[in-house]
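See structure below.
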Amino acid sequence: MKRAVSFATTAAKNAVLKNVSVKSPMLLTKPISVSIVPTLRCNVECIMCDCWKEKNDYITDQHILDFLDDMADWVGPNFFVQIAGGEPLVFKGIYDIFKRCADRKIICKISSNGYGLNPQVCNKIIDSGLQYLTVSLDSHLPEVHDRYRGIPGTFEKAVEGLRYLREHGNLTLGISSIIMKENIGYVKEMAEYFLSIDIDRILFQPIRDYYNPIEKWMEYEHWIHDLDALNRGMDQLIELKSKHPRLLNTVEDFELMRGYFADPNYIRNARDCHIGYEQLYVDDKGDITMCNEYDIIGNIKDRNIKEVWHAQKTRELRDQMVKCNLPCTSNCKKELSMKDKIRKFQVLYKSGLFN
């Protein structure tokens, strides 16, 4: 309970300071959420991306450990770190990173494809003190999911890994799923299957074409053009959400997806974006941004994160981001309603995330 109160206090304080900072020349906030991509290397070959073609790492675990220490010394404990990729579990020293987060009381989550979650790896994860793990599953049908991932057996290994971690560990466990042409016809069945697994939360995201300008997105081979099927799927997910709090998407998420697939420009100017007052992104080269659609503001190898946060260039970019007109499907942009904030906090608190 004490940890939950501490995190809630940190987030609430930063929210108040953010509201003041947005409306004045003063910058009172600190980054309380950091996304890190330690590597783009991957052990599967997804049809939706080409990260797996990368064969090299450009930063080391020590670079990340130093960055986490610098952040903790400046921001304090109870900020949130999300580690993704590529596949983070193939990065050398990843368990030391998890342990450093646990030792410094930094809440750490990783997003994994689950292919490597054998008992030996799961035991290392449990021993490291990692608190939060999400696995990407894009179908409840093993043969379909494996086709998306390009490697047979990915689905079975991911699900068995989740079950092993639930039985032997004390992690908050989640599933993240991409909505696209190939699965829109059975999203209800997908969601119901995911809910049948003993996990703590589920999140759906619409597919995006990361390799072409927005004008080309509707030509993407995985884009949803069957709007009748899309609307049925969104109706079904909205109905499921009313019964299952573990489904973390808001109703607004599903409503936005309807317009997004009809025309990706629909999501432009959905609201002012304030992530520049609370979040940082670190890519596989160590470069720091406030959003991966905007310029680099520093690099973790330089170890001057506080100076970077307050630099003139960062301030100018932050002002631009408030009135961002780029197409964005990221959850980080949404300001949740108080009801959704409470609901999300309850789900994560009950899962043991703050223990």
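The values are calculated or read from the model by the stated rules, or taken from the named source; none is laboratory data. Keep in mind that what you see is a predicted model, and the values were worked out from it rather than measured. Here the Cβ is made from the backbone with ideal geometry for all residues, glycine too, and neighbour counts use every protein chain on show. Surface accessibility is based on the protein's heavy atoms, side chains included, excluding ligands, DNA and RNA. Shrake-Rupley method; radii C 1.70, N 1.55, O 1.52, S 1.80 Å.
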| Members of region 8-22 that are among the basic types (Lys, Arg) and in contact (Cβ under 8 Å) with a residue 24 or more places away in the chain | 18
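Would it be correct to say that residue 30 is farther than 19 Å from residue 108 by Cα and open to solvent by 40 Å² or more (accessible area, probe 1.4 Å)?
Details: farther than 19 Å from residue 108 by Cα: no; open to solvent by 40 Å² or more (accessible area, probe 1.4 Å): yes.
So residue 30 fails the test.
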| request: Return the total of residues in region 33-62 being buried (at least 18 other Cβ atoms within 10 Å of the Cβ) and part of a helix (DSSP H, G or I). | output: 2
| Subset of region 95-123 (residues that are more than 21 Å from residue 80 (Cβ to Cβ) and touching a helix residue (DSSP H, G or I) at 6+ places or on another chain (Cβ under 8 Å)) | 113, 114, 115, 116, 117, 118, 119, 121, 122, 123
| request: Find all pairs meeting these conditions: Cβ atoms under 6 angstrom apart; at least six residues apart or on different chains; first residue within region 115-142 and among the basic types (Lys, Arg); second residue in a helix (DSSP H, G or I). | output: 124/95
| note | Filtering region 86-124 down to residues that are surrounded by 22 or more Cβ atoms within 10 Å (Cβ to Cβ) and of a type in the set (Phe, Trp, Tyr) yields 91, 98, 115
| query | Quick one: what pairs do we get from region 64-91, first residue at positive phi, second open to solvent by 10 Å² or more (accessible area, probe 1.4 Å), C-beta under 6 Å, 6+ apart or different chains? | reply | 78/6; 78/7; 78/10; 86/40; 86/41; 86/42; 86/51
| request: Tell me which residues, restricted to region 195-213, are free of Cβ contacts under 8 Å to residues at least 60 places away in the same chain and either under 19 Å from residue 229 (Cα atoms) or touching a Leu at 6+ places or on another chain (Cβ under 7 Å) (or both). | output: 197, 199, 202, 204
| message | Can you report the number of residues in region 274-316 which are more than 21 Å from residue 40 (Cβ to Cβ) and touching a helix residue (DSSP H, G or I) at 6+ places or on another chain (Cβ under 7 Å)? | response | 10
